[in-house]
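One structure is given here, and the rest of the page talks about it.
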Amino acid sequence: MRMLVAIAILAASAAQAARPMKTFHLYVNDGEWETADGEKTYIVGYVRYNEKFEEAPAGAPLPPPTIPAPEIRVRVGDEVHVFLHNAGHHHTAQGSAFTNVTHTIHFHGMDLVQAFDGVPGVPAAGLPERVLAGVSVGDSYEYKFVAENEGTYEYHCHIDSSTHILLGMYGAFIVEGKKPKTIYGHKYDREYTLFFSEMDSAHNEAIRTRGDYDMLKWKTDYFMLNGRIFSDNLKNPLSTIADPKSVIKAKDGETVLLRLLGIAYSHVFAFHPHAYHMKVVGMDGRKLDSPYWKDTIPVASGERYDVLVPVIKKHNTVCLSCGFGNGISIAHDHNLGGMVSTGKYPRGPLTIFAIE
Ligand SMILES: [Cu+2]
């Protein structure tokens, strides 16, 4: 019996030792975010020191925040270590109550224990102050877990959530499958992460200057795709369609994986690509037992959809005289309020399929 227990322990530790370890250092930073209308808004986000998410040397300058925060990628079965460093807020006004706030990371959908869940104030025995109250300015905390299920997840702050998240503290957390270019066993040729979110610039400015805001006054003025709005000036470098991460490029016959993610105060994005149906193969980090077809997908806050788009030749719809058919088609929010950013249409999360 003792021998069996010893063998079981050895086997368990061998399995643990075999797990690849992935380490990421994320830093809190604040700054300005410019949108295609030329406006700049105060945002707060998670940043990385370099592409490899390595620890920053003491005193090294950090990059400005982006919307969304950098995408984190691991493989299913990896042991994941994420260090959160609260590097402080350097662009708040003097006297703003936001200057010294704490932060956390919540890995939405990973189903973690309280010590690594990033939710403050939950009374559980033995939890350190960094967990109960969040990570203070100048301090750091290590989140640890095993990525057990492949799929698409989100990470975001969970302190005063509506304010901290909507200031920009969110990003995609992707758990890749065992085989490259597959998701839940389905093959794909290319993939894009499409992150839908909204922002009330008056909220952000109130947080920068005072540190508080009456959330009943929330009024979204930016409905964004990967942090951008569409501009009908097609040469605008800040438009969604100038962003290689947001324009869906593919060749005839390919299958494109789109990972759709939402973070919102109340808006539900209705993602609708013209010219293509989407096969939903996964939702919220789980494989669907029965995939289904959609041409419009409601993406609410916190939701993720993994969809495959077969890019097929439009033999029957090609214009016989002009040859148009393949090529450009649009994809947009069919909840049309989402297509009106800063009071103007057609601004908002609109992008294109550009098929070669
Ligand atoms: Cu926070």
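Kindly evaluate residue 101 against the criterion of being of a type in the set (Val, Ile, Thr) and within 14 Å of the ligand (Cβ to nearest atom).
The answer is yes for residue 101.
Just need a number here: residues in the range 38-69 that are surrounded by 18 or more Cβ atoms within 10 Å (Cβ to Cβ), in contact (Cβ under 8 Å) with a residue 40 or more places away in the chain and more than 15 Å from residue 167 (Cα to Cα).
Looking only at that region, the number is 0.
Select from the range 84-98 the residues that are over 10 Å from residue 207 (Cβ atoms) and among the polar types (S, T, N, Q) and write down the one among them that is farthest from the ligand (Cβ to nearest atom).
Selected residue: 94.
Conditions (1) at pLDDT 90 or above; (2) not in a loop (DSSP other than H, G, I, E, B), marked per residue:
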site	(1), (2)
314	no, no
320	no, no
323	no, no
331	yes, yes
338	yes, yes
346	yes, no
352	yes, yes
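Examine the range 292-312 for a residue that is outside the structural domain of residue 170 (by TED's automatic domain parsing), at pLDDT 95 or above and of a type in the set (S, T, N, Q), and state whether such a residue exists.
yes
Taking the criterion of being within 13 Å of the ligand (Cβ to nearest atom), touching a residue at least 12 places away in the same chain (Cβ under 8 Å) and either hydroxyl-bearing (Ser, Thr, Tyr) or more than 30 Å from residue 212 (Cα to Cα) (or both), would at least one residue in the range 73-83 satisfy it?
No, every residue in the range 73-83 fails to be within 13 Å of the ligand (Cβ to nearest atom), touching a residue at least 12 places away in the same chain (Cβ under 8 Å) and either hydroxyl-bearing (Ser, Thr, Tyr) or more than 30 Å from residue 212 (Cα to Cα) (or both).
Cβ contacts < 7 Å: first residue within 26 Å of residue 85 (Cβ to Cβ) and outside the structural domain of residue 216 (by TED's automatic domain parsing), restricted to the range 163-187; second residue assigned to a loop (DSSP other than H, G, I, E, B) and hydrophobic (A, V, I, L, M, F, W, C), any location; separation 6+ or different chain. Result?
164/157; 165/157; 168/67; 169/157; 175/76; 175/147; 176/76
Could you tell me whether residue 209 is polar (S, T, N, Q), more than 15 Å from the ligand (Cβ to nearest atom), outside the structural domain of residue 39 (by TED's automatic domain parsing) and surrounded by fewer than 18 Cβ atoms within 10 Å (Cβ to Cβ)?
The answer is yes for residue 209.
State which residue is modelled with the lowest pLDDT when the search covers only the range 107-136 and only residues that are within 11 Å of the ligand (Cβ to nearest atom) and assigned to a loop (DSSP other than H, G, I, E, B).
120
Filter the strands (runs of 3 or more DSSP E) completely within the range 222-263 down to those with at least 2 residues that are crowded, with 23+ Cβ neighbours inside 10 Å.
222-225, 255-263
Would you say residue 78 is among the charged types (D, E, K, R) and surrounded by fewer than 19 Cβ atoms within 10 Å (Cβ to Cβ)?
yes
The values are calculated or read from the model by the stated rules, or taken from the named source; none is laboratory data. Source: prediction; values computed, not measured. When we count neighbours, we look across all protein chains shown, and the Cβ atoms used for this are built from the backbone with ideal geometry, even at glycine.
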